[in-house]
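**Student:** Let me give you the structure first, and then I'll get to my questions.
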There are 2 protein chains.
Amino acid sequence: MILHTIEDVREQIKNWKKEGLTIGLVPTMGALHAGHLSLIKKSVEKCDRTVVSVFVNPIQFCPGEDLDKYPRTLDADEKLCNDAGVNIVFAPSPKEMYGEGHILSNDFLTYVIPPYFYVDKLCGKSRVGHFDGVCTVVNKLFNIVQPDYAFFGQKDAQQLIIIKKMVKDLNIPVEIIPCPIVREENGLALSSRNKYLSEEDKKEAFVLSRILFNIKACYDKGITDVKALTETAYSFLNEHHNLEYLEFRDKENLEGKTVADKDTQVFIALKIGNVRLIDNILLG
Amino acid sequence: MILHTIEDVREQIKNWKKEGLTIGLVPTMGALHAGHLSLIKKSVEKCDRTVVSVFVNPIQFCPGEDLDKYPRTLDADEKLCNDAGVNIVFAPSPKEMYGEGHILSNDFLTYVIPPYFYVDKLCGKSRVGHFDGVCTVVNKLFNIVQPDYAFFGQKDAQQLIIIKKMVKDLNIPVEIIPCPIVREENGLALSSRNKYLSEEDKKEAFVLSRILFNIKACYDKGITDVKALTETAYSFLNEHHNLEYLEFRDKENLEGKTVADKDTQVFIALKIGNVRLIDNILLG
């Protein structure tokens, strides 16, 4: 069942709550792929009822980003959800989520703002305000759906860490379930933005996972010096790869590491042409 | 029953929810007086169960404010709550609310930030960051208690407007119940901070309500020019009164008014000695 209004969702949720059913939420921006599907499957298995939200959230796009051209495939998304046993696809309009005239600046809208220490690095450095928009919309979705569990992919690792922090800091009564990255055969982590890649670029794009797998292999062999591990990465890069960051940080609090250990997560972002790709791996 | 931990409260709330009982929350900083009691009574009447939180929230005090000397009277508060039929007094420590080492800066804590347009005026102008702290703690309390209704006094009018805006913007499933100001015989609005007033200051303090009642009387007689209404106030002030603001604004969105109408709320703040007092009145 596809619903477009907050009121209709609340009505359905209320009935489920009365029956004592558990509710899973999979928040998405649509353009669903096998990565999303793995989250959905996990929710359908774990929860009595599953809600998938499909909402291209304007306030998490920065100026100059791809809000207008972000892929929108609602009919296909709905079919995929139905086939997977989803109970509600919640696909609101921006107006439904942010009100008449939907003035999206922090002059007129209450925001949920993650801690500066968590956003002044990695993707937050180039995508200023992005995680404010993410936390705000996820908070709204939590309040609308009131799920017992919410499922997030580990591919957007900084997002996952920030949302877990938000849930803890604000005492939100939702359990966050992280789900492993789904990859193509060549290692490329699935992303809705992979659609922007040409066939040629796609071949280049496997470099992210290659670098990460290599670092993990080196770590497993006993190399823990972050400088040494970083240097092993450079040999994989060529003129098509515009590296934004390659960083070793604590998997919980994002503190930087100089010596890798089991709690170290490695984060990479690079551009191929105009397409910005991210990936990550946990060493432990 | 007094509870000090989030876990204990959640446990009790869970049972009530299972039984389908409605829950009212009265968030306070303690030092309860007849104003709080009127909120508590309303909740006890309206809801199956009532929770009163007593928490002097450090993150809503600005540097130089009265965090340390703010009155703390938990034993008396508990007795008053018990007598009024409250089911839970929730009195957490700062550590319980903000964690080990409770680092309270926005470097390390997720904040709920009200819109700038709502906080750059009235009390927000001198109390920078105050409403960020209020919204954050109220959001936390809502997530912990998951009330159906929450009761707020109209005395802190800007706070009430900002919380209503937060609830709307973040789709929080709580209904906010505003409660009228309770006044002493001479018109002084009840406040925990009235304890700071000497007997002599207390006599001076009735000037706030006197100014507001006079403006309302003038408005009722047909005077709507805000400049003229403002000027009627000045005759009541003497050298003991240090006026911070006297403003006419929309009761919902805080836009400034030049002509008073039924949606106009008048806000006043002034200092007597070192004690800062606020009051307000709705003209319509």
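The values are calculated or read from the model by the stated rules, or taken from the named source; none is laboratory data. Being a predicted model, the structure only gives us computed values, none of them experimental. Neighbour counts are summed over all protein chains in view; Cβ atoms, including those assigned to glycine, are modelled from backbone coordinates with ideal geometry.
**Student:** Let me confirm something: among B:Arg276, B:Arg249, which residue is of a type in the set (Lys, Arg), under 30 Å from B:Pro71 (Cα atoms) and under 19 Å from the mean Cα position of the chain (by Cα)? Talk me through it step by step, then tell me what you get.
**Tutor:** Numbers: B:Arg249 fails: under 30 Å from B:Pro71 (Cα atoms).
Result of the check over B:Arg276, B:Arg249: B:Arg276.
**Student:** Now a separate question. What's the total number of residues in the range B:234-252 that are among the hydrophobic types (A, V, I, L, M, F, W, C) and closer than 23 Å to B:Asp120 by Cβ?
**Tutor:** Taking the range B:234-252 first, the residues among the hydrophobic types (A, V, I, L, M, F, W, C) are B:236-237, B:243, B:246, B:248.
Now drop any that are not closer than 23 Å to B:Asp120 by Cβ, which leaves B:243, B:246, B:248.
Residues that pass the stated criteria total 3.
**Student:** Can you name the condition, by its number, that A:Asp279 falls short on among (1) farther than 25 Å from A:Phe117 by Cα; (2) crowded, with 16+ Cβ neighbours inside 10 Å; (3) acidic (Asp, Glu)?
**Tutor:** Status for A:Asp279: all satisfied but (1).
**Student:** Considering only residues that are surrounded by fewer than 16 Cβ atoms within 10 Å (Cβ to Cβ), of a type in the set (A, V, I, L, M, F, W, C) and assigned to a helix (DSSP H, G or I), which ones fall in the range A:58-91?
**Tutor:** Within the range A:58-91, A:Leu74, A:Ala76 qualify.
**Student:** State the number of residues belonging to the range B:143-174 that are within 9 Å of chain A (Cβ to nearest Cβ), of a type outside the set (Val, Ile, Thr) and either touching a Pro at 6+ places or on another chain (Cβ under 9 Å) or crowded, with 22+ Cβ neighbours inside 10 Å (or both).
**Tutor:** Residues meeting the conditions: 6.
**Student:** Among all residue pairs at least 6 apart or on different chains, which show Cβ distances below 9 Å where the first residue, located in the range A:261-273, is without any contact (Cβ under 8 Å) to a residue 60 or more places away in the chain and the second is among the small types (Gly, Ala, Ser) and surrounded by 22 or more Cβ atoms within 10 Å (Cβ to Cβ)?
**Tutor:** Pairs that qualify, where the first residue is without any contact (Cβ under 8 Å) to a residue 60 or more places away in the chain and the partner is among the small types (Gly, Ala, Ser) and surrounded by 22 or more Cβ atoms within 10 Å (Cβ to Cβ), are A:Val266/A:Ala260.
**Student:** Here's another thing I want to ask about it. Restricting to the range A:72-106, what's the tally of residues that are at pLDDT 95 or above and either in contact with a Cys (Cβ under 8 Å, 6 or more places away or on another chain) or more than 19 Å from A:His4 (Cβ to Cβ) (or both)?
**Tutor:** Of the residues in the range A:72-106, 4 are at pLDDT 95 or above and either in contact with a Cys (Cβ under 8 Å, 6 or more places away or on another chain) or more than 19 Å from A:His4 (Cβ to Cβ) (or both).
**Student:** Further question: Which members of the range A:116-137 meet the condition of being in contact with a strand residue (DSSP E or B) (Cβ under 8 Å, 6 or more places away or on another chain) and in a loop (DSSP other than H, G, I, E, B)?
**Tutor:** Answer for the range A:116-137, where residues must be in contact with a strand residue (DSSP E or B) (Cβ under 8 Å, 6 or more places away or on another chain) and in a loop (DSSP other than H, G, I, E, B): A:Lys121, A:Leu122.
**Student:** All but one of (1) assigned to a loop (DSSP other than H, G, I, E, B); (2) under 24 Å from A:Leu160 (Cβ atoms) hold for A:Phe108; which doesn't?
**Tutor:** (2)
**Student:** Ok, one more. Of all residues being assigned to a loop (DSSP other than H, G, I, E, B) and on the phi < 0 side of the Ramachandran plot in the range B:2-40, which is surrounded by the fewest Cβ atoms within 10 Å (Cβ to Cβ)? Just the residue, please. Explain how you work it out, then say what you get.
**Tutor:** Narrowing the range B:2-40 to residues assigned to a loop (DSSP other than H, G, I, E, B): B:4-5, B:19-22, B:29-33.
From the residues that got through so far, the ones that are on the phi < 0 side of the Ramachandran plot too are B:4-5, B:19, B:21-22, B:29, B:32-33.
Working: B:His4: 13, B:Thr5: 12, B:Glu19: 9, B:Leu21: 14, B:Thr22: 15, B:Met29: 19, B:Leu32: 26, B:His33: 19.
Ranking the qualifying residues of the range B:2-40, first place goes to B:Glu19.
**Student:** Same structure, new question: Among all residue pairs at least 6 apart or on different chains, which show Cβ distances below 7 Å where the first residue, located in the range B:105-131, is of a type in the set (Ser, Thr, Tyr) and the second is modelled with pLDDT of 95 or more and assigned to a loop (DSSP other than H, G, I, E, B)?
**Tutor:** Qualifying pairs under 7 Å: B:Thr110/A:Pro114; B:Thr110/A:Pro115; B:Thr110/A:Leu170; B:Tyr118/B:Leu254.
**Student:** Further, regarding this structure: Suppose we filter A:Ser53, A:Ser43 for residues that are outside any loop (DSSP other than H, G, I, E, B), under 18 Å from A:Ser93 (Cβ atoms) and assigned by TED's automatic domain parsing to the domain that holds A:Ser126; which single one remains?
**Tutor:** Step by step, each of A:Ser53, A:Ser43 is checked, and only A:Ser53 is outside any loop (DSSP other than H, G, I, E, B), under 18 Å from A:Ser93 (Cβ atoms) and assigned by TED's automatic domain parsing to the domain that holds A:Ser126.
**Student:** From the list B:Lys69, B:Lys140, which one is farther than 22 Å from A:Gly133 by Cβ and of a type outside the set (Gly, Ala, Ser)?
**Tutor:** Values: B:Lys140 fails: farther than 22 Å from A:Gly133 by Cβ.
Every option except B:Lys69 fails the conditions.
**Student:** So which pairs qualify, if the first residue must be in the range A:60-74 and on the phi > 0 side of the Ramachandran plot, the second must be of a type in the set (S, T, N, Q) and not in a loop (DSSP other than H, G, I, E, B), the Cβ gap must be under 6 Å, and the two must be at least 6 apart or on different chains?
**Tutor:** As it stands, the answer is none, since no pair meets every condition given.
**Student:** Also, quick follow-up: Restricting attention to the range A:132-142, and to residues there that are more than 10 Å from chain B (Cβ to nearest Cβ) and surrounded by 24 or more Cβ atoms within 10 Å (Cβ to Cβ), which single residue is farthest from A:Leu25 (Cα to Cα)?
**Tutor:** Top of the filtered list is A:Val134.
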